[in-house]
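Notes follow the structure.
The values are calculated or read from the model by the stated rules, or taken from the named source; none is laboratory data. All figures in this text were calculated on a predicted structure; none of them were measured in a lab. Note: ideal-geometry Cβ built from the backbone for every residue, glycine included; neighbour counts use all protein chains shown.
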Amino acid sequence: MLVFLLEKIVEKNKKHTLLLGGHMSIAGGMYKAILRGEEINCTAIQVFTKSNRQWGGKDLTEQYVKRFKDAWRNSPCVKSIVGHSTYLINLGSPKKDVFKKSVCSLEDEVQRCIMLGIPYLVLHPGSHLGAGEDKCLKQIANALDEVLEKNHGTFKILLETMAGQGTGVCYKFDHIAEIFGHMKHKRRLGVCFDTCHVFAAGYDFRTKKGYERVIEAFDKIIGLHRLKVMHINDSVKDLGGRVDRHADIGKGKIGSDAFKFIFNDERFFDIPKILETPEGTLENYAMNMKVIKKLLTTKTKNILG
């Protein structure tokens with residue numbers, strides 16, 4: 001009983017770090033993404049592991065990997081790095097050539113993340129292109145199992161919540177839960193919660209009651225323990241419009257209150273939060289980070305290191 005109480009006291013007094021930053025360019029080498037993040041004091045960044053416009057990429061040399069790891073280890077502020085897969089990948093495609101390229105490309109990106117020591121790779125699950133959602137979800141699950149079967153360890157692929165634009169799946173929490181349900185290697189899978197996408201898909205978290213309702217639904221259907229990363233974006237389009245258009249924080253249809261709920265929610269203090277606001281410049285990210293920090297309550301500031 002005494003040990004339990006001591007553990008509770010330690011947990012209550014535990015200091016957390018605000019893991020916040022943006023998606024950084026890897027132009028000139030992946031280590032430069034870390035240096036760019038440092039310019040605006042990012043504590044978390046997101047990167048592509050190769051060119052986002054190509055299926056494959058150049059092999060990573062030992063020197064390249066070492067330079068990246070050294071830059072990360074010696075960084076005064078960047079604590080967390082998240083990978084994002086190329087948008088070309090569509091594990092739900094009914095087109096055999098595209099599906100095959102998608103699986104091979106994902107395998108390559110998973111191996112790159114493991115080599116670089118990046119623990120998470122965010123993935124847009126896919127689109128059915130008219131073949132139907134159920135078939136698409138099963139195909140995605142099978143493909144993920146195939147990839148994870150070949151790569152062991154603690155690394156996780158994170159399914160991103162989507163807006164539902166076109167024939168894309170995973171705009172419903174139930175879709176993501178269904179993929180988990182089909183999989184053998186579900187413990188190697190997690191979720192990335194994109195605020196713009198979730199709002200565009202029809203989940204309204206602009207009020208305190210609405211926020212709690214959405215988070216409760218996520219927990220019941222998917223499980224909060226599977227939430228590993230958040231994409232922080234306002235939305236140009238209205239609730240339920242199923243259009244993926246990001247806006248600066250507080251300048252879109254979601255508004256500032258929803259982000260205040262997220263950033264002051266102790267359940268999410270240790271989750272990396274990545275800005276993908278439209279300009280994507282260091283100046284724009286710095287401006288949005290400043291807006292977010294103004295939303296932190298005194299209690300939250302005291303808890304965050």
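Just one of the listed residues (Thr61, Thr49) is free of Cβ contacts under 8 Å to residues at least 40 places away in the same chain and among the β-branched types (Val, Ile, Thr), namely Thr61.
Inspection of the range 166-189 finds a residue satisfying the criterion of being touching a residue at least 12 places away in the same chain (Cβ under 8 Å) and closer than 20 Å to Gln46 by Cα. Within the range 278-304, restricting attention to residues that are over 18 Å from Asp257 (Cβ atoms) and not in a helix (DSSP H, G or I), the residue that is modelled with the highest pLDDT is Thr281. Among the criteria (1) of a type in the set (D, E, K, R); (2) surrounded by 15 or more Cβ atoms within 10 Å (Cβ to Cβ); (3) within 18 Å of the chain's Cα centre (by Cα), the one Arg187 does not fulfil is (2). Checked against the criteria, Thr161 does not count as within 17 Å of the chain's Cα centre (by Cα), closer than 30 Å to Phe68 by Cβ and at pLDDT below 95.
The number of residues in the range 90-130 being out of contact with any Gly (no Cβ under 8 Å at 6 or more places or on another chain) and of a type in the set (Gly, Ala, Ser) comes to 2. Scanning the range 69-125 for residues that are in contact (Cβ under 8 Å) with a residue 12 or more places away in the chain, farther than 16 Å from Asn151 by Cα and part of a helix (DSSP H, G or I) yields Lys69, Asp70, Ala71, Trp72, Phe99, Lys101, Ser102.
Total residues in the range 126-182 satisfying the condition of being touching a Lys or Arg at 6+ places or on another chain (Cβ under 7 Å) and in a helix (DSSP H, G or I): the figure is 4.
Answer yes or no as to whether Lys66 is in contact (Cβ under 8 Å) with a residue 12 or more places away in the chain, surrounded by fewer than 22 Cβ atoms within 10 Å (Cβ to Cβ) and of a type outside the set (Gly, Ala, Ser). It is false that Lys66 is in contact (Cβ under 8 Å) with a residue 12 or more places away in the chain, surrounded by fewer than 22 Cβ atoms within 10 Å (Cβ to Cβ) and of a type outside the set (Gly, Ala, Ser).
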